[in-house]
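Since every read-out is calculated from the coordinates, none of them should be taken as a lab result. These numbers come from a predicted model, not from an experiment. We place every Cβ from the backbone using ideal geometry, glycine too, and count neighbours over all the protein chains shown.
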Amino acid sequence: MTMSAILGKKLGMTQLFREDGEVVPVTVIEAGPCPVTAIRKPERDGYSAVQLAFDEVPESKLSKGELGHLAKADAQPMRVVVEFRDAEIPLVTEGNEGEDEQAEDGGEEAGETEGTGEATDAAETGADGGLKLGHEVTVATFEKGEKVKVSGITIGKGFQGTVKRHNFGRGPVTHGSHNVRAPGSIGASAWPARVFKGMRLPGRMGGRRATQSGLEIAEIDPDRNLLMVKGSVPGPKNSIVEVRSDG
């Protein structure tokens, strides 16, 4: 089964108005174009994956090792590199449509070149036999109405109490009570004389990786590299998110 995947930047939320008057809340994601910077194979790497890069930055922001890795795929300096395991991303994208047509027109000549010439491209071919280093993945790999899941780092909210962090109810606020927002008894006394791990207590909230599944692509704008996903996705504005096919 083909699974589309892409990296993007969450721009924020807005509304779409359908022809029947329905108002659809959507999250706007600036997704791609993402160059393919590595292709992992089970026989060589022990697993199957496609590595994509995103968010162009000045060369001074990256190390020499990072620049060298991206140079192998003729990619510009990119801040984010992510591997998508068991991904068979469709080859036909906006950036490669012209190349595909030329390959078809070339016919036997293209086949001879692949057989006798560049061994690197043949070695870096994906599981579907077409994806290679340097190819760009765009929003054209997705379809309107397709179900996707979006992963990102949630908004950090700092140290929070149990009312905000775990939706606890508060205590009485009258008759001199000092237990307004306190967590209350947690059950530890002479036995077990300790606090069990995993209890719902105050602590750091947010700032963790989360995945929202079952989302629907409401609209696609290939000219501006925009995906509009129905509903909300994890992360603050301008944060990096991963968009993958769901199911």
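Sub-9 Å Cβ pairs linking a first residue in region 212-238 that is within 13 Å of Gly32 (Cα to Cα) to a second residue that is buried (at least 16 other Cβ atoms within 10 Å of the Cβ) and among the polar types (S, T, N, Q), at least 6 apart or interchain, are Pro222/Thr138; Asn225/Thr138; Leu227/Thr27, ordered by first then second residue.
Could you say which residue among Val36, Val80 is within 22 Å of Lys9 (Cα to Cα), surrounded by fewer than 19 Cβ atoms within 10 Å (Cβ to Cβ) and out of contact with any helix residue (DSSP H, G or I) (no Cβ under 8 Å at 6 or more places or on another chain)?
Val80
Taking first residues from region 178-206 that are in contact (Cβ under 8 Å) with a residue 40 or more places away in the chain and partners that are among the small types (Gly, Ala, Ser) and surrounded by 11 or more Cβ atoms within 10 Å (Cβ to Cβ), the Cβ contacts under 7 Å between residues at least 6 apart in sequence or on separate chains come to Pro202/Gly161; Gly206/Gly156.
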